[in-house]
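One structure is given below, encoded as structure tokens.
The values are calculated or read from the model by the stated rules, or taken from the named source; none is laboratory data. Here the structure is a predicted model, which means the values were calculated and not measured. Cβ placement follows ideal geometry from the backbone for every residue including glycine, while neighbour counts extend to all protein chains displayed. These accessible areas exclude ligands, DNA and RNA; they are computed on the full protein's heavy atoms, side chains included. Shrake-Rupley method; radii C 1.70, N 1.55, O 1.52, S 1.80 Å.
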Amino acid sequence: MKLVPALPHLAAALLALAACGQSPPPRPSVILVSIDTLRADHLGFYGYERDTSPFLGRFAEEGVVFERAFTSAAWTLIAHMTMLTGLYPEQHGVTERNRALGADAPLLAERLARAGYQTLGLYRSGWIHERHGFGRGFDVFRAHTTAEEAETNLFEELARLDRSRPSFLFLHLFDVHSDPASKSPRTVFSAPPPFQDLFRPGATERLAGKCYDDLRKKGLPRETVEDMVALYDDGIRHVDSVLERIFARLESEGRLADALVIVTSDHGESLAQRGNWGHGGPWQEGIRVPLILHLPGKARAGERVGEIVHLVDVPPTVLDFVGLPRDPALPGCSLLGELPADRVVTGGNDPVHYLVRWPRKVTRAGTHFNWVDLEVDPLEKRPQTASAEEFEALRNGLRLDPRSFHPPGTASDLSSADREELKALGYGGEVGDE
Ligand SMILES: [Zn+2]
């Protein structure tokens with residue numbers, strides 16, 4: 001599919017102006033929204049039957065929707081590091097809880113800050129944390145707990161920006177994710193009124209007081225599964241409503257006029273497809289993410305793109321949009337340009353890794369290899385045995401640049417408060433007690 005770039009060649013225009021001795025126009029602004037734990041197939045504009053996302057559905061119609069977007073792992077830490085560096089896990093190396101991004105691997109915020117951008121990162125603390133390197137390049141790196149708090153913080157920070165300079169906003173919302181363990185009554189997923197129990201009245205009461213780990217067990221009654229899925233969907237509707245308010249105000253303040261907006265997620269969620277809950281593993285419910293590009297003037301409104309894309313494409317797309325040079329060491333491509341038809345993408349979190357050349361997906365779990373045809377078996381119900389040779393042959397198709405591998409550093413020690421926070425979010429096993 002041929003795609004027309006949204007803007008004229010900004011880099012060439014800037015060069016031409018510089019040659020004439022004129023000051024170049026300010027670069028355009030960029031807004032990147034990551035809705036943690038949001039499954040693409042639970043959104044109406046990806047075909048879901050419930051009306052979970054009326055605002056995002058309209059927003060998507062004004063922009064470009066990518067039908068087959070992949071993340072690098074169903075884990076916040078690895079996936080966001082990919083989204084914000086443009087590197088696959090084996091390249092950025094931040095694949096374990098005690099690792100930080102190597103000093104020589106640039107983050108998108110650092111690239112933009114060097115080009116004169118004001119950079120603003122608003123995030124839910126947990127895996128996104130300065131200790132892993134995420135704060136690098138941000139003028140403001142501010143944590144929130146809820147989407148409502150993020151909204152308040154956002155407009156406080158935006159009011160402080162210099163409107164004559166371009167800005168980069170990274171907004172991470174966590175409210176679709178399961179509840180913190182400290183919440184009472186804890187119902188695994190929950191949303192504030194009026195969204196709570198919107199899709200299945202009484203679900204909260206029926207699940208109240210039940211232990212998260214009990215509810216995650218296999219073989220739950222169908223009613224309980226349906227209650228939990230409905231509560232997950234309530235959370236999507238909640239975030240959708242907050243985003244509707246945020247974007248209405250951004251528009252009324254004129255902050256969208258020149259901006260590229262990218263809306264995506266770091267990973268999905270298992271909702272008992274295989275009897276399992278939570279996230280992790282190579283399956284599509286965790287690996288397929290929503291991805292929308294919203295361009296100035298609603299350019300390319302209504303386009304649906306079928307080529308496979310990946311979170312590694314986020315930084316190259318932003319660099320292309322703002323007119324900064326492409327980094328040839330990055331494995332991704334600009335989503336504003338022509339996309340390769342025969343592309344391989346990858347991801348993983350030891351010991352589970354995947355490779356996709358559409359429609360074939362090959363997974364490795366330790367020494368076991370499987371494949372599925374995602375056109376024929378989109379829910380991966382009938383995996384077939386694959387070989388190590390096929391996995392390796394596909395992997396060679398990535399053609400990763402040797403310069404793009406960055407040895408990770410060591411994350412600073414978790415404070416006891418941060419450790420408790422991560423455990424409360426359900427990551428006890430990953431954090432440990434030491
Ligand atoms: Zn996450």
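The lysine pair count for the chain, using Cα distances under 16 Å and pairs eight or more places apart or on different chains, is 4.
Trypsin sites (Lys or Arg not before Pro), restricted to the stretch 239-307: which are DSSP loop and have at most 10 other Cβ atoms within 10 Å?
Those that pass, being in a loop and sparsely packed, number zero.
Distances between placed amide hydrogens fall under 5 Å for Gly121 paired with Val140, Phe141, Arg142, Phe170, all partners being 5 or more residues away or on another chain.
The separation of the stretch 245-269 from the stretch 103-150, counted between C-alpha centres, amounts to 17 Å.
Between Glu390 and Asp258, the C-beta separation translates, for a Förster distance of 41 Å, into a calculated FRET efficiency of about 0.35.
Scan the stretch 287-381 for GluC sites (Glu not before Pro) in coil per DSSP, keeping those whose Cβ has at most 15 other Cβ atoms within 10 Å, and list them by number.
Passing sites in the stretch 287-381 are Glu338, Glu375.
Projected label points at Leu379 and Phe405, each 7 Å from Cα along the beta carbon direction, are separated by 4.0 nanometres.
Per-residue ellipticity at 222 nm from helix content only, as computed over the chain with -39500 (n - 2.57) for each DSSP H run of at least four residues, stands at -8500 deg cm²/dmol. In order along the stretch 287-302, the Karplus-derived 3J(HN,Hα) couplings, from 6.51 cos²θ - 1.76 cosθ + 1.60 at θ = phi - 60°, round to 9, 7, 10, x, 8, 10, 10, 10, 9, x, x, 6, 4, 6, 3, x Hz, and Gly and Pro are given as x.
Placing pseudo-labels 7 Å out from each Cα toward the beta carbon at Asp51 and Ala159 gives an inter-label distance of 3.4 nm. With a simple spin-label model that places each label point 7 Å from the Cα along the Cα-to-Cβ direction, the separation between Asp104 and Arg304 comes to 4.5 nm.
Would you mind telling me the antiparallel percentage of the DSSP bridges in the chain, rounded to 5? Within the chain, antiparallel bridges account for around 55 percent of the total.
Heavy atoms only, 1.4 Å probe, whole protein assembly: order Phe66, Phe138 by accessible area, highest first.
Largest accessible area first, the list is Phe138, Phe66.
Once all protein chains are placed together, Ile308 keeps about 10 Å² accessible to a 1.4 angstrom probe.
Database remark: amide H of Phe70 closer than 5 angstrom to the amide H of Val289, Val309, His310, Leu311 (H placed geometrically; neighbours at sequence offset of 5 or more, or on other chains; Pro and chain starts carry no H).
3J(HN,Hα) along the stretch 87-96, derived from phi through the Karplus expression 6.51 cos²θ - 1.76 cosθ + 1.60 where θ = phi - 60°, amounts to 10, 5, x, 5, 8, 7, x, 8, 10, 9 Hz, with x in place of Gly and Pro.
Just subtract the alpha-carbon distance of Ala115 and Ala365 from 0.36 nm times their residue separation and send over the number in nm, one decimal.
The span from Ala115 to Ala365 would gain 85.8 nm if fully extended.
Under a 5 Å amide H cut-off, with hydrogens placed 1.01 Å from N, Trp358 pairs with Arg343 among residues at least 5 apart or on other chains.
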